[in-house]
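*Asks:* The structure that follows is given in the form of structure tokens.
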Amino acid sequence: MKKGIHIFSAIVLLSILALTGCGGQDAPSDFAQVYVRGILDTLYLGEYSEDFLSVTDTQDPAGLEAEYLAGLETEVHYFAYYFGVGELTESAKADLTELYRDLYQLSRYEVQPSVSLDGSYTVNVIVEPLDIIDRVVKEDLETFAAEMKIASADGLTSDEYEKQYIEGLIGLIREKMDTPGYGEPVTLTLEVVQNPEDELYYIKGNGLAEIDEQIIQY
């Protein structure tokens, strides 16, 4: 979980990306479900369906790609915070971005059909938290830290130490990606509500941030 970390801009922006054209002839029957699934697929898979582009009246998917990349960047910075790394080099940022791109592809979530209630909609999302990083911490980190301590005593510079430390962590994580595990499913509820002033729909509350905390288990 990303405890104490600010919600990244992608979640904030996508949560207010208003649904439009929902009453149109070509609108999907469960537009709220399409909307929620589309947001999650954008954030974690870098994918967006034609239905999602339609209900949100998105003309240029480049903006959604930018939000996906923003989410990856936030994960990279959280990795540095979580593992006590200082300022990341550009090379380290690139390696970690690719790592999280691949980790996100292993994410598991299921968006349930929406339930209508008084003009708004609730959508349950079932998330199975990916446990790879948690397993590295519990199974490998102590031994790895001891190895790094020995390497540091052998005269590594601080830059060399940090490079070896990050590369080692990435290697341990990638080893476990061959056999990904998942925690107990967690059900979270999102509320899609209509703004009475402009009659557009948006996601109310912090549900997307709560889902984000569950996607990768730390």
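The values are calculated or read from the model by the stated rules, or taken from the named source; none is laboratory data. As the structure is a prediction and not an experimental result, all values here were calculated from the model. All Cβ positions, even for glycine, are placed from backbone atoms using ideal geometry, and neighbour counts span all protein chains on display.
*Asks:* With the requirement that a residue be surrounded by fewer than 15 Cβ atoms within 10 Å (Cβ to Cβ) and in a helix (DSSP H, G or I), what does region 98-115 give you?
*Replies:* 98, 102, 105
*Asks:* Criterion first (outside any loop (DSSP other than H, G, I, E, B), under 30 Å from residue 31 (Cα atoms) and not aromatic (Phe, Trp, Tyr)) does residue 172 satisfy it?
*Replies:* Spelling it out, it is not the case that residue 172 is outside any loop (DSSP other than H, G, I, E, B), under 30 Å from residue 31 (Cα atoms) and not aromatic (Phe, Trp, Tyr).
*Asks:* Within region 187-216, how many residues turn out to be of a type in the set (A, V, I, L, M) and either under 19 Å from residue 75 (Cβ atoms) or touching a Gly at 6+ places or on another chain (Cβ under 7 Å) (or both)? Steps first, answer last, please.
*Replies:* Our first condition is that a residue be of a type in the set (A, V, I, L, M); within region 187-216, this holds for 188, 190, 192-193, 200, 203, 208-209, 211, 215-216.
Retained after the next criterion (residues that are either under 19 Å from residue 75 (Cβ atoms) or touching a Gly at 6+ places or on another chain (Cβ under 7 Å) (or both)): 188, 190, 208-209, 211, 215-216.
The number of residues fulfilling the criteria is 7.
*Asks:* Right, something else. If I ask for residues that are free of Cβ contacts under 8 Å to residues at least 40 places away in the same chain and out of contact with any helix residue (DSSP H, G or I) (no Cβ under 6 Å at 6 or more places or on another chain), which ones from region 51-72 would you list?
*Replies:* If the condition is that a residue be free of Cβ contacts under 8 Å to residues at least 40 places away in the same chain and out of contact with any helix residue (DSSP H, G or I) (no Cβ under 6 Å at 6 or more places or on another chain), then 53, 54, 56, 57, 59, 60, 61, 62, 63, 65, 66, 69 are the ones that fit.
*Asks:* Can you give me the ranges of the helices (runs of 4 or more DSSP H) entirely in region 1-86 with at least 3 residues that are crowded, with 21+ Cβ neighbours inside 10 Å and either at pLDDT 80 or above or more than 18 Å from the chain's Cα centre (by Cα) (or both)?
*Replies:* Hits in region 1-86: 31-45, 62-82.
*Asks:* Just the residues that are loosely packed, with under 12 Cβ neighbours inside 10 Å and part of a loop (DSSP other than H, G, I, E, B), please, taken from region 116-148.
*Replies:* Selection gives 118, 119.
*Asks:* Looking at 162, 167, 175, 184 in this structure, which one is within 27 Å of the chain's Cα centre (by Cα) and surrounded by 15 or more Cβ atoms within 10 Å (Cβ to Cβ)?
*Replies:* Numbers: 167 fails: surrounded by 15 or more Cβ atoms within 10 Å (Cβ to Cβ); 175 fails: surrounded by 15 or more Cβ atoms within 10 Å (Cβ to Cβ); 184 fails: surrounded by 15 or more Cβ atoms within 10 Å (Cβ to Cβ).
Result: 162 is the single residue among 162, 167, 175, 184 that is within 27 Å of the chain's Cα centre (by Cα) and surrounded by 15 or more Cβ atoms within 10 Å (Cβ to Cβ).
*Asks:* For region 175-206, which positions are part of a loop (DSSP other than H, G, I, E, B), at pLDDT 90 or above and among the acidic types (Asp, Glu)? Spell out the reasoning first.
*Replies:* Taking region 175-206 as the starting set, the residues that turn out to be part of a loop (DSSP other than H, G, I, E, B) are 178-181, 183-185, 195-200, 205-206.
Narrowing further to those that are at pLDDT 90 or above: 178-181, 183-185.
If the condition is that a residue be part of a loop (DSSP other than H, G, I, E, B), at pLDDT 90 or above and among the acidic types (Asp, Glu), then 178, 184 are the ones that fit.
*Asks:* Would region 149-158 turn up any residue that is among the acidic types (Asp, Glu) and surrounded by 12 or more Cβ atoms within 10 Å (Cβ to Cβ)? Even if it seems obvious, please write down each step before you answer.
*Replies:* Within region 149-158, the subset among the acidic types (Asp, Glu) is 154.
Filter again for surrounded by 12 or more Cβ atoms within 10 Å (Cβ to Cβ), leaving none.
No - not one qualifying residue is present in region 149-158.
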